[in-house]
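First up is the structure itself, then whatever we jot down about it.
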Amino acid sequence: MEMNENTQSSGKQSDQNEPQLGRPQASQSQRMLIGSHVSMSGAKMLVEAAEEGIDFDASTIMVFTGAPQNTRRKDISRFHIAQGRALLDEHHISPLIVHAPYIINLANTKNPHAHDFGVQFMLGELKRAEAIGASDISFHPGAHVGAGAEKGIDQLARSLSEILEKTTTTHVRIAVETMAGKGSEVCVNFQQMGKLLKLVGSPRLCVTFDTCHVYDSGYDLKNHMDDVFSQFSDDIGLDKLTVFHLNDSKFGLSSHKDRHANIGFGKLGWDALYRIATMKQFAHVPKILETPAIPDPADKHTRYNSYKREIAELRAGTFDPQLPEKVLADNGRASSPVTSQ
Ligand code: FE
Ligand code: FE
Ligand code: ZN
């Protein structure tokens with residue numbers, strides 16, 4: 001779908017992006033392209049993911065094709081694709097994004113199995129992504145584990161080139177994620193990302209811009225957003241930005257921590273995140289929330305996800321400082337710990 005110029009119903013977009021309270025329901029093409037990670041872990045897989053997205057009023061969703069921490073995957077025949085796609089299409093949820101599991105490390109030059117294993121897995125992941133009608137796979141670029149960023153990125157470029165060359169019949173893109181700089185991660189700045197994309201030179205290699213990671217890695221999205229995007233434009237190219245992960249950051253600028261926070265509850269803050277969510281030039285780019293679920297004060301093993309409320313806040317343009325309490329109340333839980341033991 002093409003970018004619609006009338007994303008802002010007011011017809012103007014001030015730098016401050018003042019919340020537009022009570023604005024009329026936008027038509028389908030004017031809706032903010034926002035959603036969240038949803039779970040495909042139930043028995044009906046894509047159907048449940050779609051139902052969750054519909055419940056959240058999402059216009060785009062992201063799924064893992066199995067557990068994020070491992071690479072065991074069910075056969076595509078068990079994904080309930082026809083029924084899931086019908087729901088997504090009926091509710092105009094598009095695009096669908098896949099997130100590759102965390103444990104693949106294609107930047108690893110030290111473990112001889114990492115390349116073969118990662119390439120094989122990604123070939124399967126591209127098949128699964130295509131089968132469910134995904135546009136992009138958000139992909140963590142991995143870590144150089146001591147070999148140095150240059151070697152790590154060279155290795156990553158070789159692996160990604162091989163994957164892309166072996167999958168020329170699909171349109172599914174690999175959108176490499178900007179990383180916070182934890183440990184020896186690669187693609188922790190735009191120069192490294194730009195170099196990777198240049199080395200591979202494929203139109204199917206793109207970028208997932210994670211707002212928490214970019215801020216944590218040292219780009220001041222809060223106070224100098226325009227400079228950050230112009231740096232991205234110089235080093236990578238804005239046409240390469242195909243997915244946003246919209247997250248606040250618990251620890252903030254240059255912390256290299258990669259701890260996400262709920263929208264408006266972190267160091268990056270509501271204003272910056274709302275501005276990204278409403279920027280006209282990114283109206284066609286899906287924004288995916290990966291914000292933390294709210295822990296139940298009475299039972300720390302139970303958490304309730306906050307996506308439905310955060311999506312509603314972003315659509316309405318109003319930050320709700322009571323989000324955690326309301327999420328708990330939605331689930332019939334009290335916001336303060338029960339004192340009796
Ligand atoms: Fe990610
Ligand atoms: Fe992310
Ligand atoms: Zn993260």
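Quick check on the stretch 246-263. Is at least one of its residues outside any helix (DSSP H, G or I), aromatic (Phe, Trp, Tyr) and surrounded by 18 or more Cβ atoms within 10 Å (Cβ to Cβ)?
Checked against the condition, which is being outside any helix (DSSP H, G or I), aromatic (Phe, Trp, Tyr) and surrounded by 18 or more Cβ atoms within 10 Å (Cβ to Cβ), the stretch 246-263 yields no hits at all.
Quick one: what pairs do we get from the stretch 231-251, first residue touching a residue at least 40 places away in the same chain (Cβ under 8 Å) and acidic (Asp, Glu), second assigned to a strand (DSSP E or B) and within 16 Å of ligand 1 (Cβ to nearest atom), C-beta under 9 Å, 6+ apart or different chains?
Here the result reads 248/260; 248/261, each pair linking the stretch 231-251 to a residue that is assigned to a strand (DSSP E or B) and within 16 Å of ligand 1 (Cβ to nearest atom).
Is it the case that residue 291 is modelled with pLDDT of 95 or more, crowded, with 18+ Cβ neighbours inside 10 Å, within 16 Å of ligand 1 (Cβ to nearest atom) and part of a loop (DSSP other than H, G, I, E, B)?
yes
Among the residues of the stretch 95-140, count how many are within 15 Å of the chain's Cα centre (by Cα) and acidic (Asp, Glu).
1
When you look at residue 220, is it surrounded by fewer than 21 Cβ atoms within 10 Å (Cβ to Cβ) and in contact (Cβ under 8 Å) with a residue 12 or more places away in the chain, yes or no?
Details: surrounded by fewer than 21 Cβ atoms within 10 Å (Cβ to Cβ): yes; in contact (Cβ under 8 Å) with a residue 12 or more places away in the chain: yes.
Yes: the conditions hold for residue 220.
Select from the stretch 296-317 the residues that are in contact (Cβ under 8 Å) with a residue 60 or more places away in the chain and within 11 Å of residue 277 (Cβ to Cβ) and list them in ascending order.
Once the filter is applied, which keeps residues that are in contact (Cβ under 8 Å) with a residue 60 or more places away in the chain and within 11 Å of residue 277 (Cβ to Cβ), the stretch 296-317 yields 310, 311, 314, 315, 317.
How about the stretch 194-237: which of its residues are more than 16 Å from ligand 2 (Cβ to nearest atom), of a type in the set (Ser, Thr, Tyr) and part of a helix (DSSP H, G or I)?
Hits for the stretch 194-237 are 230, 233.
What tally of residues in the stretch 90-108 results from selecting those that are surrounded by 19 or more Cβ atoms within 10 Å (Cβ to Cβ) and either free of Cβ contacts under 8 Å to residues at least 60 places away in the same chain or under 22 Å from residue 131 (Cβ atoms) (or both)? Spell out the reasoning first.
Going through the stretch 90-108, the residues surrounded by 19 or more Cβ atoms within 10 Å (Cβ to Cβ) turn out to be 93, 95-101, 104-108.
After this cut, where a residue has to be either free of Cβ contacts under 8 Å to residues at least 60 places away in the same chain or under 22 Å from residue 131 (Cβ atoms) (or both) as well, the list is 93, 95-101, 104-106, 108.
Residues in the stretch 90-108 being surrounded by 19 or more Cβ atoms within 10 Å (Cβ to Cβ) and either free of Cβ contacts under 8 Å to residues at least 60 places away in the same chain or under 22 Å from residue 131 (Cβ atoms) (or both): 12 in total.
The values are calculated or read from the model by the stated rules, or taken from the named source; none is laboratory data. No experiment lies behind these values; they were computed from the predicted model shown. All Cβ positions, even for glycine, are placed from backbone atoms using ideal geometry, and neighbour counts span all protein chains on display.
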